[in-house]
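Here the structure is laid out as structure tokens; the discussion comes afterwards.
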């Protein structure tokens, strides 16, 4: 279809201008993060990833303990949110009538709307005490633990998992379900042999996107994690660190240290470096999730 | 013939009823489990909301909404916190509207190659995934360090606007793509130029998407603390800004954030729950306003 239009129309000019502005601003943001953290890359090299110690007074900047904290907390959150969210999505898509689905979807999206600072408040005033009472026998120092942060984050990313899983499941063609039911399968057989296998890439993408969201969440985690630096676990696979305080990349960035670092080139670049690492982690997970989802769309049409 | 098939043919009724019972059991268990998941999720929402309402309702009064904070949050109200948050939201809306319109029109109207369109969508999704604290750090580099603004409401508004850009833009794009093809074809058939088609057909049909997206985005922006904590907002000692440089505002999320960290005083706690209630009321109000339009879209999508 060949169309002629005035290339000088203001609307078009204006749209391109603002779209270009957006792209420019985003690129500039990423470049600035990289530029401002050059000092620490030169200073630490790969040590920033593997170094277990972060002492800004002696200019030692190792982020391994924070990366560990970020991963543990995010995975804990996913362990809670994944079964709950996917289970709820299966129920709304496969078992409940469509009218109910909208009601529940709306409710869950309201849950997503609660600001993270309010979740943090609930964590600090309620969940923290529960955790402390529950694990008192383990002689834990306070209720500010990785576990607390993980549980809180699990509730926070539940709507993300549920909404995306719902999208993935409801994307499975109705005709396929009807055919399965016609062959004598009941609703549950249909789920296991038709819906879940077809929606699997979408579900994996949902989990990855939710994991990214969990890693980037700052405020709620900041309030309940204790913000203890250098908590590298003695044994990597013991459960003990879960009930101790820790630090994540985001909780570090949200803290007062950013104000101390401001004005000291190396320390500041180390903090900016942390945010660059966080950005890389989250963007990587998001890209992977989106890629899996896109990829699956093309293959499912072929069948 | 394999063993299994043999036994099947020998005694069909027995093994049949056995497998049927097993299937039935799995079916019931699955329904129970997923139903439990839905119930638990909904109970979480109701529990959290009713908890905050019960705790916060006591603090709520006209004086609380129109009074000025005193005694480090232990008495007085949250007038300037509320006004500050509203100012940030207004700024974010003003920033995001032209950007979202531009990006959405470029994505869905002006770009003709599918690959290019998909790239714009990808950028929007990635932007949506960027952690809010990273916006805060970049904002600090740009506005505090580079522009020398110190803490400024304008910096916070711009950052929040950029943060909600994907929400607004994607909602708008969906609406533009939902405009029936025949409307556009008819407009072109009548001899309208592309710009005229946009002005008289596409935009009137889809402008609702801009407002829906804006409401959803602002609902998210209202509760964000991380992007504004280093760039725009302080805990006390500010009223309404009169300039741009060194003119911070108070804001509700930051107010809650600071008080939450060291509030063992019952009077402060009561005020704290009150502030949380006002904040989630604001957020729910914004997303409820957007709800009717979204439900309509869903219904249309289901009818197709």
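The values are calculated or read from the model by the stated rules, or taken from the named source; none is laboratory data. Fair warning: this is a prediction, and the values are worked out from it, not measured in the lab. In this analysis, Cβ positions are derived from the backbone assuming ideal geometry, glycine residues included, and neighbour counts consider all displayed protein chains.
Within segment B:112-135, is even one residue more than 7 Å from chain A (Cβ to nearest Cβ) and either in contact with a strand residue (DSSP E or B) (Cβ under 6 Å, 6 or more places away or on another chain) or on the phi > 0 side of the Ramachandran plot (or both)? Taking every residue of segment B:112-135 in turn, none turns out to be more than 7 Å from chain A (Cβ to nearest Cβ) and either in contact with a strand residue (DSSP E or B) (Cβ under 6 Å, 6 or more places away or on another chain) or on the phi > 0 side of the Ramachandran plot (or both). Based on this model, can you work out whether residue A:35 counts as modelled with pLDDT of 90 or more, more than 7 Å from chain B (Cβ to nearest Cβ) and out of contact with any strand residue (DSSP E or B) (no Cβ under 7 Å at 6 or more places or on another chain)? Yes: the conditions hold for residue A:35. Of all residues in segment A:33-50, those that are within 23 Å of the chain's Cα centre (by Cα) and within 25 Å of residue B:162 (Cα to Cα) total 2. So how many residues does segment A:124-142 have that are at the interface with chain B (Cβ under 9 Å from one of its Cβ atoms) and within 29 Å of residue A:92 (Cβ to Cβ)? The qualifying residues number 1.
Tell me, yes or no, whether segment A:230-248 has at least one residue that is buried (at least 21 other Cβ atoms within 10 Å of the Cβ) and modelled with pLDDT of 90 or more. Yes, there is a match, as at least one residue in segment A:230-248 is buried (at least 21 other Cβ atoms within 10 Å of the Cβ) and modelled with pLDDT of 90 or more. Here residue B:93 passes the criteria (1) within 16 Å of residue B:280 (Cα to Cα); (2) in a helix (DSSP H, G or I) except the one numbered (1). Take the conditions (1) under 19 Å from residue A:88 (Cα atoms); (2) away from chain B (no Cβ under 12 Å); residue A:225 misses just one of them, which is (1). Scan segment B:207-264 residue by residue and report those that are farther than 30 Å from residue B:288 by Cβ, in contact (Cβ under 8 Å) with a residue 12 or more places away in the chain and not in a loop (DSSP other than H, G, I, E, B). Answer for segment B:207-264, where residues must be farther than 30 Å from residue B:288 by Cβ, in contact (Cβ under 8 Å) with a residue 12 or more places away in the chain and not in a loop (DSSP other than H, G, I, E, B): just B:247.
Which residues, counting only those in segment A:96-113, are within 8 Å of chain B (Cβ to nearest Cβ) and either in contact with a helix residue (DSSP H, G or I) (Cβ under 6 Å, 6 or more places away or on another chain) or in a helix (DSSP H, G or I) (or both)? Scanning segment A:96-113 gives A:98, A:102, A:104, A:106, A:107, A:108, A:109, A:110, A:111, A:113. Of everything in segment A:62-73 that is touching a helix residue (DSSP H, G or I) at 6+ places or on another chain (Cβ under 7 Å) and surrounded by fewer than 22 Cβ atoms within 10 Å (Cβ to Cβ), the residue that is nearest to residue A:42 (Cα to Cα) is A:62. Yes or no: residue B:84 more than 26 Å from the chain's Cα centre (by Cα) and surrounded by 18 or more Cβ atoms within 10 Å (Cβ to Cβ)? Taking the combined requirement at face value, the residue does not satisfy it. Tell me, which helices (runs of 4 or more DSSP H) lie completely within segment A:204-303 with 2 or more residues that are under 19 Å from residue A:82 (Cβ atoms)? It comes to A:219-224, A:265-302.
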